[in-house]
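The values are calculated or read from the model by the stated rules, or taken from the named source; none is laboratory data. All values derive from a computational prediction rather than experimental measurement. Every residue, glycine as well, gets a Cβ built from its backbone with ideal geometry; the counts of neighbours run over all protein chains shown. Accessible surface areas use protein heavy atoms only, side chains included; no ligands, DNA or RNA. Shrake-Rupley method; radii C 1.70, N 1.55, O 1.52, S 1.80 Å.
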Amino acid sequence: MNRSDLRRAFAARQLAPPELLDVTPSTNPVARARALAGAPHGTTILALAQTEGRGRLGRRWIAPPGTALTLSIVLRPDLPFARLPIVMLASGVALARGCGAPCRLKWPNDLVAPDRRKIGGILAEAEASQGRVAFVIVGMGVNVSAAPADLPATHLAEVLGRTPDRATLAAAIVRELLDQLATAIDDPASVHQAWLALDATLGRRVRIGEIEGEAVALGPDGSLEVRDDWGGSHRIHAGDVQMIS
Ligand code: BTN
């Protein structure tokens, strides 16, 4: 992936040219700095390599250079901060649809292969101003041609049987994200439905922290409802799902 491939792929999807960094600690703080300097909605930062890639819940995101897609997008939806969950739902849907493979979503926003091994994830960081969303940085990492050996993980090349072009992939995901978000703002139910159509969590027995039971519903606010063995219902807003069955 080089700068001219990226420009071409983004132009083909009516997207502004992205910024490509050779190496950076993490694309999310770079995108945040651009947002604070006034970068517009849709500004996209990619890196060929990250030295301190970050995952959810304080974890690291590690990908050997050249094997992954690592990008962060600045979003400026005109929304009350309380409606932030639709940005999260739209991001997951965009990643799953844009990846060009029969991938699904594991709550809250992991991209998984049909056999539920992890392929990618999202680290979203939002900033509020006077009760409204000032901007959201949506950081996405996708294993394209390699996966960490210490996790139940795989990569797109394995699922597709060929290695996809990373510039084309990035443009498809960003286009989906902007389109999904525009739709979600006017019609939040549609993005909720779209997420459900890609879901790989509901109906399964899960453990999230101390709670174990069946994942029974996804709330419109992106929360997961888990019913425990005593019939108790737990609405979970953040955490890591371990699938037991
Ligand atoms: C997760 O699965 O825990 C989320 C992983 C998010 C990784 C991406 S790679 C691009 C962006 N920059 C980062 O440091 N993290 C996100």
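Tabulated values for the structure
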{"quantity": "Subset of region 126-180 (residues that are polar (S, T, N, Q), away from the ligand (no atom under 16 Å from the Cβ), farther than 13 Å from LEU69 by Cβ and surrounded by 16 or more Cβ atoms within 10 Å (Cβ to Cβ))", "calculated": "GLN180"}
{"quantity": "Flag for LEU123 being among the aliphatic types (A, V, I, L, M), open to solvent by 20 Å² or more (accessible area, probe 1.4 Å) and not in a helix (DSSP H, G or I)", "calculated": "yes"}
{"quantity": "Residue satisfying all of: in region 67-92; of a type in the set (S, T, N, Q) and in a strand (DSSP E or B); nearest to GLN50 (Cα to Cα) among these", "calculated": "THR70"}
{"quantity": "Filter result (in a helix (DSSP H, G or I), more than 13 Å from the ligand (Cβ to nearest atom) and over 22 Å from LEU169 (Cβ atoms)) within region 34-66", "calculated": "ALA35, LEU36"}
{"quantity": "Members of region 1-11 found to be in a loop (DSSP other than H, G, I, E, B) and either touching a strand residue (DSSP E or B) at 6+ places or on another chain (Cβ under 7 Å) or of a type in the set (A, V, I, L, M) (or both), listed by number", "calculated": "MET1"}
{"quantity": "First in region 50-72 and charged (D, E, K, R), second anywhere and near the ligand (Cβ under 7 Å from one of its atoms) and open to solvent by 20 Å² or more (accessible area, probe 1.4 Å), Cβ under 7 Å, 6 or more apart", "calculated": "ARG54/TRP61; ARG54/LEU123; ARG56/LEU123; ARG60/ARG54"}
{"quantity": "Test result for PRO40, touching a residue at least 12 places away in the same chain (Cβ under 8 Å) and closer than 28 Å to LYS118 by Cβ", "calculated": "no"}
{"quantity": "Among (1) surrounded by fewer than 21 Cβ atoms within 10 Å (Cβ to Cβ); (2) farther than 23 Å from GLY222 by Cα; (3) of a type in the set (S, T, N, Q) - the single one SER190 does not satisfy", "calculated": "(2)"}
{"quantity": "Residue match in region 83-93 (condition: within 16 Å of the chain's Cα centre (by Cα), within 13 Å of the ligand (Cβ to nearest atom), hydrophobic (A, V, I, L, M, F, W, C) and surrounded by fewer than 24 Cβ atoms within 10 Å (Cβ to Cβ))", "calculated": "yes"}
{"quantity": "Those residues of region 217-233 which are crowded, with 17+ Cβ neighbours inside 10 Å and not in a loop (DSSP other than H, G, I, E, B), in sequence order", "calculated": "LEU218, LEU224, VAL226"}
{"quantity": "Selection status of LEU196, assigned to a helix (DSSP H, G or I) and more than 22 Å from ARG117 (Cβ to Cβ)", "calculated": "no"}
{"quantity": "Among residues of region 12-28, those that are open to solvent by 60 Å² or more (accessible area, probe 1.4 Å) and either part of a helix (DSSP H, G or I) or of a type in the set (Lys, Arg) (or both), counted", "calculated": "2"}
